[in-house]
Amino acid sequence: MSDKFLWGGASASYQCEGAWNLDDKAESMWDHYLHEEGLENGDIASDHYHRFEEDIRMMKEGGQNAYRFSLSWPRIIKNKAGEINEKGIAFYHRLLDACHTYGIEPFVTLYHWDLPQYWEDCGGWQNEEVCEAFETYARVCFDNFHEKVNHWVTFNEPKWFIASGYLIGNYPPCRQDPQAMIHAAYHVMYASALGVRAFRQGKYPGTIGIVHSFTPVNGVDDTVNTRIAMRYADNYCNNWILDTAAKGEIPVDLLSELSKTYDLSMIKPAQLQIIKDYTVDFLGLNYYSRTLVKPYTEGETTFIVNNSGKQGKGSSKVIVKGWFEQVMHDPASTYTEWDTEIYPKGLKDGLLEVKKKYNLPVYITENGIGMYEDVTVKQVEDDYRISFMKDHLQAMHEAMEAGADVRGYFAWSSFDLYSWKNGCEKRYGLVAVDFENGLQRKPKKSYYWFKNMIEQQKS
Ligand code: BGP
């Protein structure tokens, strides 16, 4: 394993920073939505805003050499006019300086879902103006932080936040409107290309990529109908992000299928040229599970996800009418309380598929397991997390031996944080955060296991 291989954990601004209205930060769409609905929110979260130094020191002490985190757009840009918040810039300088002090390589995402509410009020990702605003914001970040950052990411998981926001309706802006989803999805991919263009035009050092919620598609059998369903599912789950960002091409069969039902007039030739010209240097893959599909049989398009944390109770269901149905339960597999299948083999298969299709360097930018945990004990004995990571790292190593160009692995998450609609109960961290008792940090058993594992890779 090369010395340059990045080993670390990941977080996201809204999920960990807290300080939601401090130091002139503007409101994000998540602040707005969760406050309006009176739901558990990230107002304080892990209070990383005040405790980042301790968190980064613990990464160093845990043998890690990298940290993936995101910048908060509403902390950096105050309003639609693009006024820069110098206090926000200063905060990220402090955070980046702490990374460098402790020898931790920062891996920086520009957008991890916290759109400024002032842009959501103007139509959010439905509005082409937001793409240009993203480009401006990206340039502000490159200009201010280029001396301290070598790895940039435009967007975290377009598929997940767009499908959740515009189809499933469980994330802001809580729509269930396929036409709006298509519109927003296209704009995000265009905005990503604009971010890459700003990066190339400014000749900033380092590399830039995109992070995808990667879910390799498997079929229940090898019949023609299942293979057709798999292609539909792959277009829905993966190809519209990966093909577009890596090859500069939106899948043609996806576009022709969508054009039968939906208005695609927002797609403009000049924008397609920008998408074609400004592809990414690397792919970040967040791997949690695969997608198992069968041919569509009946029923309306349905998306139900389990945010309940009670296995089977959320009765997760995904049907895309005329395209495919997702098989939610494979008796041969085990599942978490949130109905996520544990399937390490998908990581190996997926890495090899990505190698074949895109031939770009890859980072595993998230991988982990969400569990209920009692963090009042002396040490959380999270053997299930250790075994989850072990199996996935084994899959990663096997893929690398077979030729996959993997350059880093980030556990989700560095420390416990706010898990969107699942609240703080669903914990992923290598370090426990006691949200009820002064936000005290305590390494879990997995933190020490991860440290030893990294050590062994070096020898
Ligand atoms: C990814 C996101 C993260 C994180 C993780 C776990 O989709 O990039 O932000 O939350 O998944 O998901 P959840 O917190 O919903 O369990």
**Prompt:** How many residues are within 12 Å of the ligand (Cβ to nearest atom) and open to solvent by 10 Å² or more (accessible area, probe 1.4 Å) when one looks only at region 403-413?
**Reply:** 1
**Asked** Does Lys451 satisfy the condition of being of a type in the set (D, E, K, R), under 24 Å from Glu61 (Cα atoms), outside any strand (DSSP E or B) and more than 16 Å from the ligand (Cβ to nearest atom)?
**Response** yes
**Asked** Among the residues of region 374-397, which ones are surrounded by 17 or more Cβ atoms within 10 Å (Cβ to Cβ), away from the ligand (no atom under 14 Å from the Cβ) and not in a loop (DSSP other than H, G, I, E, B)?
**Response** Ile386, Met389, His392, Leu393, Ala395, Met396
**Prompt:** Can you spot a residue in region 326-346 that is open to solvent by less than 10 Å² (accessible area, probe 1.4 Å) and not polar (S, T, N, Q)?
**Reply:** yes
**Prompt:** Filtering region 101-117 down to residues that are out of contact with any Ser or Thr (no Cβ under 9 Å at 6 or more places or on another chain) and surrounded by 14 or more Cβ atoms within 10 Å (Cβ to Cβ), which residue is nearest to Glu53 (Cα to Cα)?
**Reply:** Tyr102
**Item:** Boolean, Met371 is more than 18 Å from the chain's Cα centre (by Cα), within 14 Å of the ligand (Cβ to nearest atom) and open to solvent by 10 Å² or more (accessible area, probe 1.4 Å)
**Value:** yes
**Asked** For region 415-436, which residues satisfy the criterion of being assigned to a loop (DSSP other than H, G, I, E, B) and within 12 Å of the ligand (Cβ to nearest atom)?
**Response** Asp416, Leu417, Tyr418, Ser419, Gly423, Cys424, Glu425, Lys426, Tyr428, Gly429
**Complete:** Tyr287: passes all of (1) crowded, with 18+ Cβ neighbours inside 10 Å; (2) in contact with a Lys or Arg (Cβ under 9 Å, 6 or more places away or on another chain) but (2)
**Request:** From Val153, Val196, grab the single residue that is of a type in the set (A, V, I, L, M, F, W, C) and within 14 Å of the ligand (Cβ to nearest atom).
**Result:** Val153
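The values are calculated or read from the model by the stated rules, or taken from the named source; none is laboratory data. The structure presented is a predicted model; accordingly, all values stated were derived computationally and were not measured. Heads up, the Cβs are rebuilt from the backbone with ideal geometry, glycines too, and the neighbour counts pull from every protein chain shown. What goes into the accessible areas is simple: the full protein's heavy atoms, side chains included, and nothing from ligands, DNA or RNA. Shrake-Rupley method; radii C 1.70, N 1.55, O 1.52, S 1.80 Å.
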